[in-house]
Structures are given as structure tokens and as C-alpha cells.
Amino acid sequence: MTGENTTRRRILVVDDEADFAELVGAVRRHEGHDVDVALNGEAGLAALRRHASDLITLDIQMPGKSGLLLYRQLKSEAAFKDIPVLVVTGLTRSDRTAETFIHTFLAADHVPPPQAYLEKPPDN
């Protein structure tokens, strides 16, 4: 298997759209990773407390604890603050109002921005 990445990582997918969360999980499992799926922010936090993750994909708009509230909490806790977060959201990066809101919300508490954003659903 020359040239293949054989590093197994644990990925946490937090998204209230069960079908989308399972799709992302299935793709990552097919790549050889361990995947936990949580359908809301509270379940995502519980999953992290059970198993440390190497990467989190996080939806922003969810009932209960939103992705923004969960993200802010993660970045304030020593055990989770260094885990990279990929925000996967229906709020597009081209929507200046949504982007400004996210950055203002996080900046108010001096929370660093997520590592990356991916529009949901992805084009391909």
C-alpha cells in the first residue's frame, strides 16, 4: 500500500441532519478512520468526553446547543481546545451577514476562528 495514508484517526461528526451525518461518517470510515456521530451539541460534547477525537466536523445550526455554542465551549476547555474543527454548514461563506455574525460572536470571547468552513451540502 505504498503512498496511502495509513494513519487511523478518530473523527467526531456533529450534525442534526442524521442522513448527512451518517454520510460523512461513512465516507470517513471508508477512508479507514474511527467515527463517532452526534446529532446535537450535547451529544457531541458527551462523545468527546468518552473518546478523544483528532478532528471535529461541526454544523452551526442545530436545536438545543448550537454549533457556535459548542465550538465556543470546546475552545475554552483545555482538553478540547487544540482539536481542529471543520465547520460544515448551510450558512454559506459568501453570506456576509452570517459570516460577520459568526466572527463577531466568537471574537466577543476572544475565541479563535475554526480551521475551515465547508458549505453544506457540498457541490460534489
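General observations
- Cβ-derived FRET efficiency at R0 22 Å, D54 paired with A108, nearest 0.05: 0.20
- Accessible-area composition of the chain, carbon plus sulfur, in percent [1.4 Å probe]: 52 percent
- Convex hull volume per residue in cubic angstrom - Cα atoms of the chain: 115 Å³
- The simple spin-label model puts a point 7 Å past each Cα toward its Cβ; for K65 and H33 those points are separated by 2.1 nm.
- Accessible surface computed residue by residue for segment 14-124, with neighbouring protein chains in place and a 1.4 Å probe, gives 55 Å² per residue.
- Highest to lowest packing among 13-26, 70-83, scored as the average C-beta count within 10 Å: 13-26, 70-83
- Taking segment 34-74 and a reference point 7 angstrom along Cα→Cβ of K81, the backbone N atoms nearer than 17 Å belong to 70-74.
The values are calculated or read from the model by the stated rules, or taken from the named source; none is laboratory data. This one's a predicted model, so the numbers in the text were calculated from it and none came from an experiment. Reconstructed Cβ throughout: ideal geometry from the backbone, glycine too, with neighbour counts over all protein chains shown. Ligands, DNA and RNA are stripped out before the accessible areas are found, and what is left, the full protein with its side chains, is counted by its heavy atoms. Shrake-Rupley method; radii C 1.70, N 1.55, O 1.52, S 1.80 Å.
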